[in-house]
Amino acid sequence: MSRLGKQPIPLPKGVEASVSGGILTVKGSKGTLMRTLHPKITVTIRDGVVTLTPREMSEGTRMLWGTFHAHVRNMIKGVTEGFTKSLQLEGIGYRVALKGKDLEFALGFSHSVPFKAEEGVAFAVEKNMITITGSSIEKVGNIAASIRALKKPEPYKGKGIRYVGEVVRRKAGKKAAGA
């Protein structure tokens, strides 16, 4: 049995959840999130509590049970508190600017690199820090990974875009040949 899956998930005040046609919808102050449910998982909502149950007990279904429990918990947290990821630019001449809702990077290329904002995600820029906020943990994480992929931190000088708190293992450069 899934240890996580069998625990009920309480709905905080101001959060509404409903299931119709195999789609779970969660509404809160930060927005509305929807997720298609797997046919082997049943979701019931009673008295402000969401419970998940598998339709059959097999190894794959038990894994899905815990996974969907985490999805529902993240959806509820997203519409109440939201999620944030922070990125840091490291390197001389590396800059980021907020152009309306979009970002524009100067990353040492001969041209600037634009990055379009998706719906439900907001950017904040302060010096060399980018903060990504949104109600969907998946969108926030995917956008943060896409931004980081524009210029990954390199191991010799540490230049690039990294997550705040990410440790980049540094390598020694070439040594001068001894005579």
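Odds and ends about this structure:
- Any hit, segment 112-128, residues being among the polar types (S, T, N, Q) and touching a Leu at 6+ places or on another chain (Cβ under 6 Å): yes
- Yes/no for Leu98 being in a strand (DSSP E or B) and in contact (Cβ under 8 Å) with a residue 60 or more places away in the chain: no
- Selected residue (criterion: nearest to Gly14 (Cα to Cα)) from residues of segment 46-65 that are surrounded by fewer than 16 Cβ atoms within 10 Å (Cβ to Cβ) and of a type outside the set (D, E, K, R): Gly48
- Filter result for Gly141 (under 18 Å from Arg35 (Cα atoms) and out of contact with any Pro (no Cβ under 6 Å at 6 or more places or on another chain)): yes
- Gly78 vs. criteria in contact (Cβ under 8 Å) with a residue 12 or more places away in the chain, in contact with a Gly (Cβ under 9 Å, 6 or more places away or on another chain) and crowded, with 18+ Cβ neighbours inside 10 Å: yes
- When segment 1-23 is filtered for residues that are in contact with a strand residue (DSSP E or B) (Cβ under 7 Å, 6 or more places away or on another chain) and either modelled with pLDDT of 95 or more or on the phi > 0 side of the Ramachandran plot (or both), the ones remaining, listed by number, are Gly14, Gly22.
- Of all residues in segment 55-87, those satisfying the criterion of being outside any helix (DSSP H, G or I) and at pLDDT below 95 are Arg55, Glu56, Met57, Ser58, Glu81, Gly82.
- Within the option set Ala106, Ala124, being over 17 Å from Lys152 (Cβ atoms) and either touching a Phe, Trp or Tyr at 6+ places or on another chain (Cβ under 6 Å) or among the aliphatic types (A, V, I, L, M) (or both) holds for one residue only, Ala124.
- Residue in segment 32-52 that is in a helix (DSSP H, G or I), touching a Gly at 6+ places or on another chain (Cβ under 9 Å) and touching a residue at least 60 places away in the same chain (Cβ under 8 Å) present: no
- All strands (runs of 3 or more DSSP E) inside segment 106-179 with 3 or more residues being surrounded by 11 or more Cβ atoms within 10 Å (Cβ to Cβ): 121-126, 129-134, 160-163
The values are calculated or read from the model by the stated rules, or taken from the named source; none is laboratory data. None of the values given here were measured: they were computed from a predicted structure. All Cβ positions, even for glycine, are placed from backbone atoms using ideal geometry, and neighbour counts span all protein chains on display.
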